[in-house]
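Notes follow the structure.
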Amino acid sequence: MAVFKAYMKIARKNFWMILMYLGIFFAVTAMFQMFAGEETQDYSARSVPVGIVDDDRGEAAAGLAAYIGKTNEVVMLDKDRESMQEDLFYRNVEYIVRIPENFFETCILGEESLKVTSVPGTYSGHYVEQQIDNFVNFARVYAAAGFSEEEIADAAADRESASVELMDFSGNEGGTPAYVFYYRYLPYLFLSVLCYVMGYILMGFGRGSLPQRMKASAVPARRQSLEGFAASGVLAISLWLIATLAALVLYSREFLNNSAAGWYLINSFALLLVSLSLAYFVGTLVKTSDALNGIVNILGLGMCFLCGVFVEMDYLSGPVRKAAQFLPVYWYESVNTLLARYGDSAGNVMTQILSGIGIQVLFAAALVCLTLAAAKRKERAV
C-alpha cells in the first residue's frame, strides 16, 4: 500500500489548504444566504404621491381621483405653475394630472388626452399612467353602453381589485430554503479542493526520477494505479461526506423534510465525480505550482461565474447560457434549480433531473478518457 500511503501523506501536507477552502466556502455561503435569502413574502402595490389639478369638478373627475387614490397618495393642487414646479422639485409629488373642464365630454366621450407632468428618469410616471389609461378605458366602455357620468363614477368606485394566489409547487410557501444556496455554491468547494489536492499529489509523483523508479518497482503498475484510484476515491468521498454532514447539521429538519433531499445528494455526488475526474486531468497536465494555481483559478472561478454558481442562471444572458451548456457545472446547477423550484413536486420534472445528472456522469467519463490519453502520451515521452 505504498502508493496509497504516499497519496495520503501528500494530502495531509495540504490539510491547512483544505481547511482554508472549507472556511471560504462556508463564509461565502453564509454571506450570499444573508443577502440573497432575504425574500419578500408579502407583495403590495407601490404608493406614488400624485398631484391632481381638478378644473372640472364633475363626477367623472372625482371618480378618477378616487381611483388613483386607491393605490397612491393623492395631493390636490392649485392651478399655479410655479407651485407645481416647486412640488415636483422637492418631490412632494412625483406625477401631476391636470383634469380639464368638461372632462367627461372631451376625454371620455372624446379622444382628448389628459395633460400630465412627471419627474424625469423615474418609472412612477409609467406606473400612474397605466392606472389612468385603465380608468379612461373602463369609463369609455361604460359610456358606450349608455351609462351616465355618475353611474360610471360609482361603477369605478365599486370595482374590485384583482386578487393573486401564488401556487406552492415546491412546498416552501414561495420561499427559497437556505440549503438551496448551500448546494448552489458547492461546485466552488469541490473544484478548488480536489483540483489542488490531486494536482499536488500527481505533481509529486511526476518529479525527478520517481516515474522511472516506480516502473522498476516490484509492485505491478496495475496495483499502483488501483492504489492511487483508491486513495483518490477516499479523499473525494471524505470531502463529500464532510459537505453532506455540514448540510445535515445546518439545515437538518428543513432539508430532510423536503422529499427532494435525496436528489440533492445524488446531484452533488455526480458533481463530485466530475470534479475528481477534472482534478485528475489537471494534475496530469501541470508540472509546476504556478501552472496549477492558474489553471484551477481559471477553471474553478470561470465555471462558477458562467454556470450559475455565483450569479443566478436567470440573470445570465442567452449567449452565456448557451456557452455554459458545454460545461458540467451548468448541468449541476440546472438540476439544483429544478429541485428548488419544484421541491416536493420534483417528480413532474424527473426526466430533466435525470438528464442533468446523466450529462454530468458523461462529462466525468469523457474527462477520464482524456486523462488516460494524456497519461499515456506523457508515459511515452518519459
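The values are calculated or read from the model by the stated rules, or taken from the named source; none is laboratory data. If you're wondering where the values come from, they're calculated on a predicted model, not measured in any experiment. Note that each Cβ is placed from the backbone with ideal geometry, even for glycine, and that neighbours are counted across all protein chains shown.
Given the options VAL296, VAL309, name the one that is surrounded by 20 or more Cβ atoms within 10 Å (Cβ to Cβ) and part of a loop (DSSP other than H, G, I, E, B).
None of the other options fit; the residue is VAL309.
Just checking, which of VAL234, VAL219 is of a type in the set (Val, Ile, Thr) and either surrounded by fewer than 12 Cβ atoms within 10 Å (Cβ to Cβ) or modelled with pLDDT under 85 (or both)?
VAL219
Identify all residues within region 97-128 that are more than 14 Å from ALA61 (Cα to Cα) and in a loop (DSSP other than H, G, I, E, B); write none if there are none.
GLY110, GLU111, GLU112, VAL119, PRO120, GLY121, THR122, TYR123
Assess whether GLU112 counts as being charged (D, E, K, R) and exposed (fewer than 13 other Cβ atoms within 10 Å of the Cβ).
No, not satisfied.
Working only within region 49-108, note down all residues that are in contact with a strand residue (DSSP E or B) (Cβ under 9 Å, 6 or more places away or on another chain) and hydroxyl-bearing (Ser, Thr, Tyr).
TYR95
Can you run down the residue pairs with Cβ atoms below 7 Å, 6 or more apart or on separate chains, where the first is in region 293-311 and over 21 Å from PHE281 (Cα atoms) and the partner is crowded, with 17+ Cβ neighbours inside 10 Å and among the hydrophobic types (A, V, I, L, M, F, W, C)?
Listed pairs, sorted by first residue: GLY308/LEU316; VAL309/VAL329; PHE310/CYS304.
Just to be sure I understand the filter: pairs with C-beta atoms under 6 Å, separated by 6 or more residues or on different chains, first member in region 92-120 and of a type in the set (A, V, I, L, M), second member assigned to a loop (DSSP other than H, G, I, E, B) and buried (at least 18 other Cβ atoms within 10 Å of the Cβ). Which pairs pass?
ILE99/ASP56; VAL119/GLU94
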